[in-house]
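Notes follow the structure.
The values are calculated or read from the model by the stated rules, or taken from the named source; none is laboratory data. Everything quoted here is computed from the prediction, not taken from an experiment. Here the Cβ is made from the backbone with ideal geometry for all residues, glycine too, and neighbour counts use every protein chain on show.
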Amino acid sequence: MKKIFTLCFLFLLSAVSLYADKTSNLFVIERSKNANVVNYDAVLSDDGKINEKNPIDAYWLLYAYKNGEREELSAFDKKAYGYQTTYNKEKGNFDFILKAVKEKPMVLDLYDNVPKAVIKINDVDCFLEKVYIESKDGALGIPKVSFYELFGKEVATGNPQQQKISVK
């Protein structure tokens, strides 16, 4: 009986993984407020391409509590940490705008079959690795952003780049 249960469990586990979305981590947003981060993954189709209809999966990783458990972004969270993607048929990639840094548009594409978000850091094309947001509590407890920093590696050389951008 134990063997039958084990085999059934393994079968169900493999069936679930066959139909689960495959993802590849792109970058995170860290904040001064606490250790929780917003994680951004590219969603991949079965053929390894970025999913045209649902290219991004964004969610919280709760490190400040709950041992890094995943939690979906709420409607309120999406106002600050949401994004917009548009598939560019001509180039076969995605225009990608992150609400937290909307003045810095990105491109989402495959590089050596690995999804990457490319952004200008110090006027150089870079693979985005992290955004750090410094904020203070404002009116009604709504955080007021002082500055954000972009961290990445140059597409051409792999050299690290970092840029601090003040918010007025």
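For the reader, a short list of remarks on this structure follows.
- Apart from one condition, G68 fits all of (1) out of contact with any Phe, Trp or Tyr (no Cβ under 7 Å at 6 or more places or on another chain); (2) at negative phi; the exception is (2).
- Top-ranked residue of the range 152-168 - restricted to ones that are in contact (Cβ under 8 Å) with a residue 24 or more places away in the chain and out of contact with any helix residue (DSSP H, G or I) (no Cβ under 9 Å at 6 or more places or on another chain), ranked as surrounded by the most Cβ atoms within 10 Å (Cβ to Cβ): G152
- Scan of the range 123-146 for residues that are among the hydrophobic types (A, V, I, L, M, F, W, C), on the phi < 0 side of the Ramachandran plot and modelled with pLDDT under 95, ordered by number: A139, I142, V145
- Set L110, L128, L140: member being buried (at least 21 other Cβ atoms within 10 Å of the Cβ), out of contact with any Pro (no Cβ under 9 Å at 6 or more places or on another chain) and of a type in the set (A, V, I, L, M, F, W, C): L128
- Residue in the range 125-136 that is touching a residue at least 24 places away in the same chain (Cβ under 8 Å), touching a helix residue (DSSP H, G or I) at 6+ places or on another chain (Cβ under 6 Å) and not hydrophobic (A, V, I, L, M, F, W, C) present: no
- Among (1) over 21 Å from N25 (Cβ atoms); (2) in a strand (DSSP E or B); (3) of a type outside the set (A, V, I, L, M, F, W, C) - the single one T85 does not satisfy: (1)
- Taking the range 114-168 as the region of interest, the strands (runs of 3 or more DSSP E) fully inside it that hold 2 or more residues being under 18 Å from the mean Cα position of the chain (by Cα) and of a type in the set (K, R) are 114-121.
- Test result for K78, farther than 30 Å from T157 by Cα, surrounded by fewer than 18 Cβ atoms within 10 Å (Cβ to Cβ), charged (D, E, K, R) and out of contact with any Asp or Glu (no Cβ under 8 Å at 6 or more places or on another chain): yes
- Exactly one residue out of K79, K53 is in contact with a helix residue (DSSP H, G or I) (Cβ under 8 Å, 6 or more places away or on another chain) and either at pLDDT below 95 or assigned to a helix (DSSP H, G or I) (or both), and it is K79.
- Residue count for the range 48-81, restricted to those that are among the small types (G, A, S) and in contact with a Leu (Cβ under 7 Å, 6 or more places away or on another chain): 2
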